[in-house]
Amino acid sequence: MSERRPLGVHAVLAVSSLLMVAPFAWQIVTSLKTLSSATAVPPTFLPEGRWDNYAKVFDLLPFGEQFLNTVVMSAGRVAGQVLFCSMAAYAFARLRFPGRNLLFGLFLSVLMVPPQLFVIPQYQIMSTLGWLNSLQAIIVPGLFSAFGVFLLRQFFLALPREIEEAARLDGAGPWRIYWSIMLPLARPGLVALAVLTLLWAWNDLFWPLVVNTDPERMTLSAGLAALQGQYQTDYPVLMAGSLIASLPVIAVFVFLQRQFIQGIAHTGTKG
């Protein structure tokens, strides 16, 4: 029985992997078809080598500008989340002050509120500041998140207190302990938050569509959404653009996957 169990586990993992990869493989196949083949019934499963679909993406969209906007927006959100969330998480995990647990509970309650409820007040703020159709309009609302605070707080709680106590005996204050000692030790957790924030920012569609209507100020997700017509959509071109837009995020995840998994695993070691 012990010899069959690993085989069953591997079979389940293999089937699950195929189900996960199937949409991505279908995207690649569709990007190499003509529109008639992509919408044919019954569907065809073989690509037709239409590499010109990838060239059409650059003809229909200001792809370079939108790619740069996406990179700047994602980098700004990642930097803000790593800095601000780590400071708040360290305060909730290590510092003692009146109302700490109540305030942390209020932070967690934000996770239960649908983000769509914040769209109108956030839009009014951006409009009042004159930030519509600008990069700061899509960066600033994503600089902080309650989830990031919760994730890093759990990681800080798992770190040994002896290191912090030794630093205090040497005369280090809270800011020095946070910046020079705790932050380097929390690197796996920071990487995990950075990767998750990058994925959310790169794929964010709704908010960039709301605040930016200028195609040259849009992100890739919003620009690709503009390829969907009211009566007809060129699905091969849309799939080609989506595939190009996905490659940078896939590369980042492959490069940081070990630290990402380590960071996620360590967040639940201590409550």
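Descriptive notes on the structure:
- The listed peptides 216-226, 93-103, ordered by packing as a protection proxy, come out as 216-226, 93-103 (highest mean of other Cβ atoms within 10 Å first).
- Simple label model, 7 Å out from Cα along Cβ direction - Thr34 to Leu7, nm: 4.8 nm
- Highest average first, the peptides 167-180, 140-153 ordered by how many other beta carbon atoms sit within 10 Å of their residues are 140-153, 167-180.
- Compactness of region 71-171 was expressed as the Cα radius of gyration divided by 2.2 N^0.38 Å, which yields 1.32.
- For the options Val57, Val237, Val254, a Gaussian network treatment of the chain with springs between C-alpha atoms closer than 10 Å singles out Val254 as fluctuating the most.
- Estimated [θ] at 222 nm from DSSP helical runs (n ≥ 4, -39500 (n - 2.57)) normalised by residues in the chain, nearest 500: -20500 deg cm²/dmol
- Values of log10 I(q)/I(0) for region 64-269 across q = 0.19 Å⁻¹ run -1.33, by the Debye formula with one identical scatterer at each alpha carbon and no solvent.
- Estimated FRET transfer efficiency when R0 is 25 angstrom, pair Ser127-Ser246 (beta carbons, to 0.05): 0.20
- From most to least packed by mean Cβ count within 10 Å, the peptides 119-126, 62-69 give 62-69, 119-126.
- Whole-Hz Karplus values for region 112-129 come out as 8, 8, x, x, 5, 5, 8, 5, 5, x, 5, 5, 5, 5, 4, 5, 5, 7 Hz, taken residue by residue from phi with 6.51 cos²θ - 1.76 cosθ + 1.60 and θ = phi - 60°; glycine and proline positions read x.
- FRET efficiency for Ser109 and Ile181, using Cβ-Cβ distance with R0 set to 25 Å, rounded to 0.05: 0.20
- Karplus-derived 3J(HN,Hα), 6.51/-1.76/1.60, for each residue of region 205-211, Hz, glycine and proline x: 10, 5, 5, x, 5, 6, 8
- Using a Förster distance of 35 Å, the FRET efficiency for Asp59-Leu205 (Cβ separation, nearest 0.05): 0.95
Readers should treat all values here as calculations from the given coordinates under stated rules, not as data from a laboratory. Small disclaimer: the values here were computed from a predicted structure and weren't measured. Glycine also receives a Cβ, built like all others from the backbone with ideal geometry; neighbour counts cover every protein chain displayed.
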